[in-house]
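K.L.:
If you scroll down you'll find the structure; I have some questions about it.
The values are calculated or read from the model by the stated rules, or taken from the named source; none is laboratory data. It should be emphasised that the depicted structure is a prediction, and the values quoted were computed from it without experimental measurement. Cβ: placed from backbone, ideal geometry, glycine included. Neighbour counts: every protein chain shown. These accessible areas exclude ligands, DNA and RNA; they are computed on the full protein's heavy atoms, side chains included. Shrake-Rupley method; radii C 1.70, N 1.55, O 1.52, S 1.80 Å.
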Amino acid sequence: QVQLAESGGGLVQAGGSLRLSCVASGSIFSINTLGWYRQAPGKQRELVAAITSGSTANIPDSKKGRFTISRGSAKNTVYLQMNSLKPEDTAVYYCYAEMTGGRGDYWGQGTQVTVSS
């Protein structure tokens, strides 16, 4: 069992920056991958970025250069640095944990990011 707690969302102007944080608790040593998804109203949830326990990052090309994902030294914390934000980045951002050995996936409650024009 894993619990994920996100923080750092808010309202920013276009061109601004936000840093999202997610702290995992529980069976943290069974986590293989931590990442971030987002979902805008009326749209599918999409991958923003992910990082493995070995700190191998996976960021879609469309977000490289603006978004950066990293893990804390304790490996139970993941950060998403978002720069040059655009109104189309407005969404609920969810922390995601993929477990090892078929133990399942876990999701945080989400944190709202709103980018004004």
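K.L.:
Do the conditions hold for residue 82, that is, is it in contact with a helix residue (DSSP H, G or I) (Cβ under 9 Å, 6 or more places away or on another chain), farther than 18 Å from residue 31 by Cβ and not charged (D, E, K, R)?
P.N.:
Against the criterion (in contact with a helix residue (DSSP H, G or I) (Cβ under 9 Å, 6 or more places away or on another chain), farther than 18 Å from residue 31 by Cβ and not charged (D, E, K, R)), residue 82 qualifies.
K.L.:
Those residues that are farther than 15 Å from residue 73 by Cβ and among the polar types (S, T, N, Q), I need them from segment 18-51; list them, please.
P.N.:
25, 27, 30, 32, 33, 39, 44
K.L.:
I would also like to ask the following. Collect the residues in segment 78-101 that are surrounded by 16 or more Cβ atoms within 10 Å (Cβ to Cβ), free of Cβ contacts under 8 Å to residues at least 60 places away in the same chain and not in a strand (DSSP E or B), keeping them in residue-number order.
P.N.:
Passing the criteria: 89, 90.
Residue-by-condition table, conditions (1) within 16 Å of residue 8 (Cα to Cα); (2) free of Cβ contacts under 8 Å to residues at least 40 places away in the same chain; (3) surrounded by 15 or more Cβ atoms within 10 Å (Cβ to Cβ); (4) among the β-branched types (Val, Ile, Thr):
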{"position": "40", "(1), (2), (3), (4)": "no, no, no, no"}
{"position": "59", "(1), (2), (3), (4)": "no, yes, yes, yes"}
{"position": "62", "(1), (2), (3), (4)": "no, yes, no, no"}
{"position": "65", "(1), (2), (3), (4)": "no, yes, no, no"}
{"position": "69", "(1), (2), (3), (4)": "yes, yes, yes, yes"}
{"position": "72", "(1), (2), (3), (4)": "yes, yes, no, no"}
{"position": "76", "(1), (2), (3), (4)": "no, no, yes, no"}
{"position": "103", "(1), (2), (3), (4)": "no, no, yes, no"}
{"position": "108", "(1), (2), (3), (4)": "yes, no, yes, no"}
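K.L.:
May I pose another question? Enumerate the pairs (first residue in segment 6-27 and more than 13 Å from residue 115 (Cβ to Cβ) and in contact (Cβ under 8 Å) with a residue 12 or more places away in the chain; second residue anywhere and open to solvent by 60 Å² or more (accessible area, probe 1.4 Å) and among the basic types (Lys, Arg)) with beta-carbon separation below 8 Å, excluding pairs fewer than 6 apart on the same chain, so at least 6 apart or on different chains.
P.N.:
Cβ pairs passing all conditions: 8/19; 27/103.
K.L.:
If you take the residues in segment 18-45 that are touching a Lys or Arg at 6+ places or on another chain (Cβ under 6 Å) and part of a strand (DSSP E or B), which one is nearest to residue 98 (Cα to Cα)?
P.N.:
At the first step, the residues of segment 18-45 found to be touching a Lys or Arg at 6+ places or on another chain (Cβ under 6 Å) are 30, 37, 39.
Add one more test, that the residue is part of a strand (DSSP E or B), and what stays is 37, 39.
Details: 37: 12, 39: 18 Å.
Only one residue fits best here, namely 37.
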